[in-house]
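K.L.:
Let me begin by handing over the structure; questions about it come next.
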Amino acid sequence: QVQLVEAGGGLVQAGGSLRLSCTASGNIFSINPMGWYRQAPGKQRELVAHNTSGVTTMYADSVKGRFTISGDTVKNTVYLQMNSLKPEDTAVYYCSIVTRGLTYWGQGTQVTVSS
């Protein structure tokens, strides 16, 4: 059993920054691959950023140059640094890891960017 607990969401003005964290606990072998996804009201969940073993990183075009995914394998924590936030970044953000061949999801954290 693996649990993912997210934190760091909130309300921020456009142009501001937030740092999301996702801490994994339980029967974890590795937090890689890791990813962040988001779902805005009325829209499908979409990939925001993904990292595999700290080598291959990909970002959605809409967040390139503004968001950075990283991980701390000692703390079993995944981060998403979000800078220059825009109102269209408003969504529930979910972290995800693959460990022991299974995919796990966090409960989601709300990010709201006001104009």
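K.L.:
Using Cα pairs under 8 angstrom and six or more residues apart, how large is the relative contact order of segment 5-49, in percent?
P.N.:
26 percent
K.L.:
Could you pull out every one of the aspartates and glutamates with an alpha carbon less than 19 Å from that of Lys43, ignoring same-chain neighbours closer than 8 positions?
P.N.:
Cross-link targets: Asp61, Glu88, Asp89.
K.L.:
Compute the relative contact order of the chain as a whole-number percentage, counting only Cα pairs closer than 8 Å that sit 6 or more residues apart in sequence.
P.N.:
37 percent
K.L.:
Keeping every protein chain in place, order Glu6, Glu88, Glu46 by accessible area at 1.4 Å, biggest value first, i.e. largest first.
P.N.:
Result, largest first: Glu88, Glu46, Glu6.
K.L.:
Separate question: By how many nm would the segment from Thr57 to Arg45 grow when fully extended, if each residue of separation counts as 0.36 nm and the alpha-carbon distance is taken off?
P.N.:
Here the segment from Thr57 to Arg45 would lengthen by 2.4 nm.
K.L.:
Would you mind telling me which residue in Val55, Val12, Val92 has the biggest mean-square fluctuation in a Gaussian network model of the chain, where springs connect alpha carbons within a distance under 10 angstrom?
P.N.:
In the Gaussian network model the winner is Val55.
K.L.:
Moving to a separate point now. Among the trypsin sites (Lys or Arg not before Pro) within segment 1-51, which fall in a DSSP loop and have no more than 10 other Cβ atoms within 10 Å of their own Cβ?
P.N.:
Lys43
K.L.:
Moving on. Give me, ordered by chain and number, the residues 5 or more places off Thr99 or on other chains with an amide H under 5 Å from its own placed amide H.
P.N.:
Tyr104
K.L.:
Additional query: Ordering Asp72, Asp61, Asp89 by accessible area with a probe of 1.4 Å, largest first, what comes out?
P.N.:
Of Asp72, Asp61, Asp89, the descending order of accessible area is Asp61, Asp72, Asp89.
K.L.:
Report the local net charge at Gly71: Lys and Arg +1, Asp and Glu -1, summed over other residues whose C-beta lies under 15 Å from its C-beta.
P.N.:
Residues near Gly71 contribute 0 overall.
K.L.:
Which chymotrypsin sites (Phe, Trp or Tyr not before Pro) does segment 19-48 hold that lie in a coil by DSSP with at most 14 other beta carbons within 10 Å?
P.N.:
Phe29
K.L.:
Given H placed 1.01 Å from N in the peptide plane, which residues other than close sequence neighbours of Gly16 have an amide H under 5 Å from its amide H?
P.N.:
Hits under the 5 Å cutoff: Leu85.
The values are calculated or read from the model by the stated rules, or taken from the named source; none is laboratory data. As the structure is a computational prediction, the values presented were derived from the model and not from experiment. Quick reminder, even Gly has a Cβ in these numbers, built from the backbone with ideal geometry, and neighbours come from all protein chains shown. The accessibility values were calculated without ligands, DNA or RNA, using every heavy atom of the protein model including side chains. Shrake-Rupley method; radii C 1.70, N 1.55, O 1.52, S 1.80 Å.
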